[in-house]
1. Among the residues of the range 183-194, is there at least one that is closer than 26 Å to GLU281 by Cβ, of a type outside the set (D, E, K, R), touching a Ser or Thr at 6+ places or on another chain (Cβ under 7 Å) and modelled with pLDDT under 95?
2. Select from the range 1-29 the residues that are modelled with pLDDT of 90 or more and either among the aromatic types (Phe, Trp, Tyr) or touching a His at 6+ places or on another chain (Cβ under 8 Å) (or both) and list them in ascending order.
3. May I ask you to verify whether ASP220 is in contact with a helix residue (DSSP H, G or I) (Cβ under 6 Å, 6 or more places away or on another chain) and of a type in the set (Asp, Glu)?
4. Considering (1) free of Cβ contacts under 8 Å to residues at least 40 places away in the same chain; (2) in contact with a strand residue (DSSP E or B) (Cβ under 8 Å, 6 or more places away or on another chain), say which one LYS39 fails and leave the rest.
5. Given (1) modelled with pLDDT of 95 or more; (2) of a type in the set (Val, Ile, Thr); (3) surrounded by 15 or more Cβ atoms within 10 Å (Cβ to Cβ), where does THR53 come up short, assuming only one miss?
6. Suppose we filter the range 135-176 for residues that are under 13 Å from the mean Cα position of the chain (by Cα) and in a loop (DSSP other than H, G, I, E, B); how many remain?
7. For the range 98-112, what are the residues that are under 14 Å from MET289 (Cα atoms) and either buried (at least 22 other Cβ atoms within 10 Å of the Cβ) or in contact with a Gly (Cβ under 7 Å, 6 or more places away or on another chain) (or both)?
8. Out of PRO232, PRO246, PRO219, PRO215, report the one residue that is surrounded by fewer than 14 Cβ atoms within 10 Å (Cβ to Cβ) and either of a type outside the set (Val, Ile, Thr) or at pLDDT 95 or above (or both).
Amino acid sequence: MSLIYKIAEKGCFLLNKLPGGGPKGSMSGSMSADVQTVKIPRSMYSGLDVKETEFEGFIYHRFRSRKTAGNCKKAIFFLPGGGGMMRAMRIHYDTAKSLALRTGAEVFFAHYPLAPEYNVRYALAWLERVYYYEILGNYNPEDIVFIGDSAGANLILSLTYRLKDKPGSLIVISPACGLEYGRNRDIRLQMEPKDPVLTVAMNDMIAENWCRNVPLDSPDISPEFIDYKDFPPMLFFYGTHEIFYPHVSNYVKQLERSGVRFDAVEKPMCHDWALVKYFPEGREALSRMVHWINN
């Protein structure tokens, strides 16, 4: 664990002690904010061709390096996390931009339907249609990479499970495992003091809204209940300071038993650390993603 990460994590814990402050307070507030507006950072227009497309009432963006223009050989389907209740954050856009510039791939960045108006199954159905009607028409399945973090990681796993024409590979970052209630919730409560970003109360809000009318042990929600037969290879990042960690570590063992090929990167760090370029570990993770996509 790098010194800069140790300092940042300690600062998060101090800020979290303030009423409504710190990352935990900020995240909770974002989940209650308006999620209908989509506005990408101006920085995305530097070095990239940006195209906005409305598909069945929702938006996705296409990001391409101006150096590759219309000569992209690979596509990335990027599903940003946020518990199904938050729009993409700066770390998502920064990662999407870096991947577009460093791989030459075309990035399809999906602003999928969110709670409280919509639930996970509605979003999955929309994403499946985007994949078939908007991406597969221009790229072969083996040349497509799915990437998602947190709830977006759950979505790419559930979406891949649904698809007949599966992508060539997946990049999975900090999936939300163990969302069922009971004993699993108690385990997350025990981990909560070690997590500088997430709370079990946020998980409960997600279960009530994003997972509305869907059993929590459904493959549409929980990666642990997916059948990984015929799954493509996966690059998998997660941290030991996440409330999901005990369940994620068990999930890794499940993947090993399933026979699916995957590379797992575990760090003593927080949720979504692999997307934070300010940490040396995050920059190293990005380089591994680039290598994974290019090979």
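The values are calculated or read from the model by the stated rules, or taken from the named source; none is laboratory data. From a predicted model like this one, the values you see are computed outputs, not experimental measurements. Quick reminder, even Gly has a Cβ in these numbers, built from the backbone with ideal geometry, and neighbours come from all protein chains shown.
1. Taking the range 183-194 and keeping what is closer than 26 Å to GLU281 by Cβ, we get 187-188, 190-194.
Add one more test, that the residue is of a type outside the set (D, E, K, R), and what stays is 187, 190-191, 193.
Now restrict to residues that are touching a Ser or Thr at 6+ places or on another chain (Cβ under 7 Å): none.
No, the range 183-194 contains no residue that is closer than 26 Å to GLU281 by Cβ, of a type outside the set (D, E, K, R), touching a Ser or Thr at 6+ places or on another chain (Cβ under 7 Å) and modelled with pLDDT under 95.
2. Within the range 1-29, the subset modelled with pLDDT of 90 or more is 2-12, 14.
Selection gives TYR5, GLU9.
3. Numbers: in contact with a helix residue (DSSP H, G or I) (Cβ under 6 Å, 6 or more places away or on another chain): yes; of a type in the set (Asp, Glu): yes.
It is true that ASP220 is in contact with a helix residue (DSSP H, G or I) (Cβ under 6 Å, 6 or more places away or on another chain) and of a type in the set (Asp, Glu).
4. (2)
5. Of everything listed in (1) modelled with pLDDT of 95 or more; (2) of a type in the set (Val, Ile, Thr); (3) surrounded by 15 or more Cβ atoms within 10 Å (Cβ to Cβ), THR53 misses just condition (3).
6. Matching residues across the range 135-176 total 4.
7. Restricting attention to the range 98-112, the residues satisfying the condition of being under 14 Å from MET289 (Cα atoms) are 98-105, 107.
LEU99, ALA100, LEU101, THR103, ALA105, VAL107 - these are the residues of the range 98-112 that are under 14 Å from MET289 (Cα atoms) and either buried (at least 22 other Cβ atoms within 10 Å of the Cβ) or in contact with a Gly (Cβ under 7 Å, 6 or more places away or on another chain) (or both).
8. On the way: PRO232 fails: surrounded by fewer than 14 Cβ atoms within 10 Å (Cβ to Cβ); PRO246 fails: surrounded by fewer than 14 Cβ atoms within 10 Å (Cβ to Cβ); PRO219 fails: surrounded by fewer than 14 Cβ atoms within 10 Å (Cβ to Cβ).
After applying the criteria, what remains is PRO215.
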